[in-house]
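To start, the structure itself, in C-alpha cells.
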Amino acid sequence: MSNGSSITHFLLLAFADTRELQLLHFCLFLSIYLAALLGNGLIITAVACDHRLHTPMYFFLLNLALLDLGCISTTLPKAMANSLCDTRAISFSGCVAQLFLFLTLMSAEFYLLTVMAYDHYVAICKPLHYGSLLGSRACVHMAAAAWGSGFLHALLHTDNTFSIPLCQGNAVDQFFCEIPQILKLSCSKSDYLREVGLLSFSIFFAFLCFVFIVVSYVQIFRAVMRIPSQQGRQRAFSTCLPHLAMVSLFITTGVFSYLKPPSISSSFLNLVVSFLYSVVPPAVNPLIYSMRN
C-alpha cells in the first residue's frame, strides 16, 4: 500500500492549544471512555452469562456492544494520549490501521443496525413467524454478514485512500484519521475522483439500508397503532424509538461529515460532527438500549 509519498507520520487536529485545556479534555475523554467500557462490558457479560438473554434481540445487542467497544477504542485512546503528552503525531502505519479498523467497525455497526430494524419489524409485525424467520442460524448468518461486509468495505477504501499520492502536507484536519481529511492531502485529481466515486457508491448503498430501516419502521408504527392496549403500544414504542433515534444520529452526522461542502467546512465543525458519530453512539448505546431493559 504505497502512495508514492515520503510521509512518515500525520499531525492530527488538537482539541486545545493550552496545556490546561488539554488536560481537561483528557479527563473528559477518559470519563467518556470508561463509561463506554463499563456499559458495553456489562452488556456483553450479561448476555453471555445469562441464558434467559440468549434471544435474537440480545444476540444482536451483544454484537452491537462489541462493535461499540472496538469503535471507541480505535479513536479515543489516541486522542487522549495526544492530549496528555501534548503532541499531535500519529505514524503512517498507525493512521492506516486506525482508518481501517474504524471503517470496519462503523460499517459493520450500520449494517447491524439495519438487521436490528428487521428484528424489530418481525417481532412486532410478524410475531407468529419470529421463531422461524430469526432462528439461531439465521441470526448468526446476519451478524456474520454485517461484520464481513464492514471488513470488505474498509479494506477497499483503506487500500484505495492510501494508494493516492499525498503532497499537500501531513496535517489532518480531524482528531483521528478520516477519509475526507486524508483526501484533502491528495495531489492526484484522477485518484482523488476515484475514491470520491467509491465513497459515493458506499453512501448510495447506505442510503438503501436507510430506506429499508424507514420502511420497516413505517410498518412497525402502523402495526403499533393497531394494538388495542395503551400499555402494549408504550412497550412497542419504548423498544423501537431508542433504536430509531440512534440510527438517525448515526446516519445524519456520518453522512454530513462525508458530504458537507467545503464552503461550510471548519476545524470546529469537523470536530463536533465527528465526535457525534464516532464517540457519542458507543457511549450512549448502553444507556438507551440495555439499562432500561
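Can you work out the accessible area per residue across region 203-293, with the rest of the protein chains kept in place, probe 1.4 Å, in square angstrom? It would help to have the intermediate numbers written out before the result.
Values: 4840 Å² over 91 residues.
Ligands and nucleic acids excluded, the figure is 53 Å² per residue.
Taking amide H as placed 1.01 Å from N in the peptide plane, the amide H of GLN174 sits under 5 Å from that of LEU13, each at least 5 places away or on another chain. Residues LEU259, LEU276, LEU62 ordered from highest to lowest accessible area at a 1.4 Å probe: LEU259, LEU276, LEU62.
The solvent-accessible area of LEU30, taken with every protein chain present and a 1.4 Å probe, is close to 60 Å². Comparing Cα centroids, region 58-123 and region 175-241 end up 16 angstrom apart. Computed with a 1.4 Å probe on the full set of protein chains, the accessible area for VAL272 sits at about 60 Å². Relative to the Cα centre, the charge distribution of region 24-168, modelled as +1 at Lys and Arg Cβ and -1 at Asp and Glu Cβ, gives a dipole magnitude of about 140 debye.
Which whole-number percentage describes the relative contact order of the chain, with Cα contacts under 8 Å and a sequence gap of 6 or more?
Values: 329 pairs, mean separation 79.0, N = 293.
About 27 percent, as a whole number.
Only one of [x] 21.8; [y] 22.4; [z] 20.4 was calculated from the structure for Kirkwood radius over Cα pairs in Å, and its label is [z]. Heavy-atom accessible area for CYS209, with the other protein chains in place and a 1.4 Å probe, reaches approximately 20 Å².
Between SER163 and LEU34, the contour length at 0.36 nm per residue exceeds the Cα-Cα span by 42.9 nm. Taking 18 Å as the straight-line reach from the Cα of LYS260, the lysines in range (excluding those fewer than 8 positions away in the same chain) are LYS184.
Annotation: extensible slack from ARG88 through TYR118 equals 6.6 nm (criterion: 0.36 nm per residue apart, minus Cα-Cα distance). Absence of a disulfide-compatible partner, taken as no other cysteine beta carbon within less than 4.7 angstrom, is noted in the chain for CYS27, CYS49, CYS71, CYS85, CYS125, CYS139, CYS209, CYS240. In this simple spin-label model, placing a label point 7 Å from the Cα along the Cα-to-Cβ direction at both PHE237 and PHE205 gives a separation of 3.7 nm.
The values are calculated or read from the model by the stated rules, or taken from the named source; none is laboratory data. Because the structure is a prediction, the values reported are computed rather than measured. Glycine also receives a Cβ, built like all others from the backbone with ideal geometry; neighbour counts cover every protein chain displayed. To get the accessible areas, we keep the full protein, side chains included, count just its heavy atoms, and leave off ligands, DNA and RNA. Shrake-Rupley method; radii C 1.70, N 1.55, O 1.52, S 1.80 Å.
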